[in-house]
Each structure stands twice: as C-alpha cells, then as structure tokens.
Amino acid sequence: MSLSEQSTGVTGARHCDGSEDETLSHLLLDAGVLTEAALERARHLAAESGERLQTVLTRLGLISERDLAQTLSRQLEIPIVGAADFPAEPLLEAQLGRDFLKDAHLIPLKEDAGAVTIAMVRPLDPYAVAAVAFATGKSVHRAIASPADLDAAFARLYAGTPPDFRSGAEQTRSRANDNFSDDIDRLKDIASEAPVIRLVNHLITRAVEARASDIHIEPMENELRVRYRIDGVLQHVESPPRQLASAVISRIKIMAKLNIAERRLAQDGRIGMAVRGRDIDLRVATTPTMHGEAVVLRILDRSHLKLDFAELGFEDDLAASFRDILNRPYGIMLVTGPTGSGKTTTLYTALIELNTPDRKILSIEDPVEYQLEGINQVQVKPQIGLSFPAALRSFLRHDPDVMMIGEIRDLETAQIAVQAALTGHVILSTLHTNDAASAITRLLDMGVEDYLLTSTINGVAAQRLVRLLCPACREPYEAMPELVARLGLDAEDWPVRLYRAKGCAACNQTGYKGRNAIVEVLPINEAIRRAILKGTDSNEITGLAKAAGMRSMHAHGMMKAVAGLTSIEEVIRVTRAV
C-alpha cells in the first residue's frame, strides 16, 4: 500500500471523506458494532468536551478498547499488536522525538531498508502517518495497539524522560529536599495524566470482560503484579511496569475518593463507572505492604446478578426445602460457608422471594453489595457506632416483618437475633462454618442458650461454589468401577460417563466457565431439637439430618458431576474440608 493510501484512506472498508472522527463513525456503523443513536450521543459529548470521538466512546463504555481495536483491524485490514510485539530498545530516536511519539500516541515497531512499521492507538490519524513518513523518508505500515499496551511500552522504552512515567518513590528520591505536600501534588498530577487513566480503565474493562470478580494489584520488589479472580481462581495477567505502581494505585484511590496522602493505614471506598454501557460498582480496599500499597477491587456487576434459585444451582427439591423454611412465620434461617461461597447472593435471592407488598424488610450489611428495590438496606459504620447490634435494636422500633443480618459475628448480635425471632420476626443471616450442622454448635459456643436456639432456628443451608465445565470443550470419559464405588456416585446408567476440563479459546484455556452452588439444606425437626438439648455434636446432628432426607454438599456436587455440569476434581477441591 502506498503512503497516500496509508495516510488518507481505508483499505478493505468504504472510504469516507471528512475528519478522523467522521471516518471512525462510518467504520463503526459499517461494522454494526454501534447504533446511530449511541454514536450521536458520543459525538455530542465529544463536541462539548473537545475530546476525540474514540476517547469518548471507550470512556462511556459504549465499546471496549479491545473491541474497537478488533473492529478497526477488520475494517482497515491491518494487524493488531500486543505487548510482546514492541521492541526491546527505542527505534528511530534521531528522527522521531519522544514528545511527538507521546502526543501522537505511536511507537515504531521495526524498520527495514524501505519501510517502517508503527503501532498506533489511532490508525486513522493521517497527520501522524505523514509526519513519520516525512521524518524517516520511508513508507509507513500501520499496526493497531491498545492504549494500555502502548502506554506500558512507552514507559518501558522512554522511562528516563517523561516525568509522568516516574513513580512517586523515584520522584521523592530525585528531589529529597521537596516537602511532603509537593510530593502528593505531583503524584496527583501523575495519576491524572491520560496514559495512567487509560491504563487503569483498561485493567478494569479487561477484568469485566473476563468475568472476573476481583482485581488484585500488588507491588512486589521487581514488578507490579496484577491478578484477576475468575470463577474463584486467581489468574495472573499482563502487568504494567513496576515504575507505574504509585501512579496506578494513586489513580484508583482518587477514583474511590480515598486519602491519597495516607499510605500507612488500610482504606476502603467505592467506584462507580460504565463499562461497555453497563453500570459497574467497584469496592476498593487498600492495605500497606513492604513494597507499597496493595489494592483489591471487588467487581459488582448487577447485570450478571442472577437472583433466582434455579440459576444459582438449586434443584427443584432443594429450592422447595429452602422455601419451606423461608416461608415460616417467624424464626431464624442461616446460610453458612467460607468467604466467597455465595452466601450473600443466596440471601439476596431469599429477600427477593419474601419481598411482597405486605412485608417490611430491613437489612444491615457490611458492606451493602447490591441495592435491592423495595428493601431498606443499611451499611455498617463502626466509626460512628452503627454496628450490627446497634442497627438491630433500631430495626425493632421500625416494625419490620423480615430482617437480614449480614453476619452473626458475636454473642450480642446472636442474642438480639434470637430475641427478634422469639417476638415474631423472620431473621436471615450468615455464619462462617464448614457445614450446616456446625452452625448449631457455633452458636452454642458463642453462648446462646440451647433452649432458645431450639425455639428459634428453623433451618440452616451450607453451600460452596463449583466451577462449571466449559460446554465447548469438556471431555467425556468412562469412570472406573472402583472410582464409582469409592465416591459413592449415584448413576442410573452404566458405564458411568463423567467429564473433565480440557481448555479452549472460549474458556481462556481453563476448561471452566461460570460457577454454580452445591448446597445442603438442614431443616430443624423435632429429633434434631432433642439432640441439641442433649448436647449432641455436629456429626450426630448431620447423621440425623441425613436420616431425615438431607443430601450433603458432597453428594450434591457428585450429582452435578454425573450430570456433566462439573468435574469430580472440582467437587473434591471445594468439599475436601467438609
């Protein structure tokens, strides 16, 4: 392709006259990735702010940076490059100044006798292409790079020059006589620079697209480690350069409205932003470590929240047993399990079921993860005295029918919950125990009287989350008879067919995609009440519950493995402590 074609036209797509933004609009409409209404909204905001259309589109979440790059690559028939494609050393330094590269948002990738290849964030910019051709005297071939990849490469290749790519620690060492407030002001300036903003937005967008539940950003001695928790398992992803650690973490603290000057204490905050047109809430927690502040962002995406028992993994018989306990006129229903086992989602689903016009529902949570319409939710604030017990005492004066307690952590909270249940209220709460029966012994160990417990506890559900096998690549195999007997698999057909994880592009080579709950529901019947009053341990309570028809979490997981939803290894992984 000639230089004139490279710099003023489009190969493989309909050429259109006008500005760079107008050309981009036509390409996106031709590709069908955006509607005319969405583009018009972005054009209007771009005109008001003076920003480029491409920047506004990604900032509004109308299209992700990755999808935009892929669309332009298809329409323009030019390749996309990643972090590994950038050179080890700067190229063409004598011909192309660093300020020009930064302003044009491009980096030379390679050169030969007659041509130079450049990575660009804005491949439709004709002036940048023409300038490179003029400065080098060579024809120019374009490639597309994401803003985050290009910014990271720029920081690595040209870290010694632009002040905005130096970390706060480096600035402090280089100017030891500056006072602390000056350092903070400079750090704010760095964190507000466009490259850092794009980098942080890219990390968050990529996590949302990967269905991650958490983003972990951890400064190590020689790297800034970034990991996403996807389907309950941490996965390492490509990380920004170590020298950007202070700028990245400061940017997140600014977004969460945290104190950027406080680096010695842990802080908590929230961020609200749009990602691909969806409203995303991020719960932010920082903590000081040996090599700087570490940050964890919990991603709360309401569009993916499924408050339905069948969607959560409850079969009809389990859901019926749970609802039977839930719909009793008063008493306590507990959901137990470790952190990250889906307890809060199960309780939210229960609240939605109970949320009828004739009921008043109050909840006290730490923190409020999702806002539920029609339910009065209160956030714990210990610093002003708003604790679980204080909120519960206040709730009782508001004439509620149902109260949810985020977690019963101490005797005082447990006693108020018991008293509320005795006076005709439905109480929902969580405990951290391994199985359903252990919740009884845990409350007794806290100091709750056994006769009060038997009068108020209606039932306990314990749960874990298992990863679901990717339907596109799961691999069937016949289970050996010894394995079937050892695991107690309940299968109607022989030989027993099970499935194992394999890995493909659809599941990012993990073999799993999505999660589902495995649950055991323990209704408190008369036999169990008598056993509690006799001081029976949790193992005997479990035996009585199984005799009455309770299916254990392990058995529920094996049932899902036989159905081909998950693997034996996954069930064993999450239930081995039970």
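Below is a table of values for the structure above.
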quantity: Inter-probe distance in nm under a simple model that places probes 7 Å from Cα toward Cβ, at residue 113 and residue 48; calculated: 5.6
quantity: Three-way shape call for the stretch 75-144 based on the alpha-carbon gyration tensor, with the a/c threshold at 1.5; calculated: rounded
quantity: Percent accessible area from carbon and sulfur atoms, the stretch 306-387, protein chains only, probe 1.4 Å; calculated: 48
quantity: Trypsin sites (Lys or Arg not before Pro) lying in DSSP loop within the stretch 337-401, provided at most 12 other Cβ fall within 10 Å; calculated: 397
quantity: Surface accessible to a 1.4 Å probe, residue 279 within the full protein complex, Å²; calculated: 130
quantity: Three-way shape call for the chain based on the alpha-carbon gyration tensor, with the a/c threshold at 1.5; calculated: prolate
quantity: FRET efficiency estimate (nearest 0.05) - Cβ-Cβ, residue 478 to residue 40, R0 51 angstrom; calculated: 0.30
quantity: Cα gyration tensor shape for the stretch 360-442, rounded if a/c is under 1.5, else prolate or oblate; calculated: rounded
quantity: For the chain, calculated [θ]222 nm from helices alone, where every DSSP H run of n ≥ 4 adds -39500 (n - 2.57); calculated: -12000 deg cm²/dmol
quantity: Förster radius 22 Å - calculated FRET efficiency between residue 573 and residue 505, Cβ distance, rounded to 0.05; calculated: 0.35
quantity: Sequence-distant lysines (8 or more away, or on other chains) whose Cα lies within less than 26 Å of residue 360; calculated: 306, 343, 381
quantity: Extension reserve of the residue 323-residue 234 stretch, reckoned as 0.36 nm per residue once the Cα distance is removed; calculated: 28.6 nm
quantity: Dipole of the stretch 193-269 [Lys/Arg +1, Asp/Glu -1 at C-beta], most positive-end residue of 252, 220, 237; calculated: 252
quantity: Theoretical gain in end-to-end length, residue 130 to residue 381 [0.36 nm per residue, Cα-Cα removed]; calculated: 84.5 nm
quantity: Taking the chain and dividing mean pair separation by its residue count, relative contact order in percent (alpha carbons under 8 Å, at least six apart); calculated: 9
quantity: Rounded percent of accessible protein surface that carbon and sulfur make up, the stretch 493-532, 1.4 Å probe; calculated: 45
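The values are calculated or read from the model by the stated rules, or taken from the named source; none is laboratory data. A quick note: this is a predicted structure, and the numbers were derived from the prediction, not measured. Every residue, glycine among them, receives a Cβ derived from its backbone with ideal geometry; neighbour counts consider all protein chains shown. What goes into the accessible areas is simple: the full protein's heavy atoms, side chains included, and nothing from ligands, DNA or RNA. Shrake-Rupley method; radii C 1.70, N 1.55, O 1.52, S 1.80 Å.
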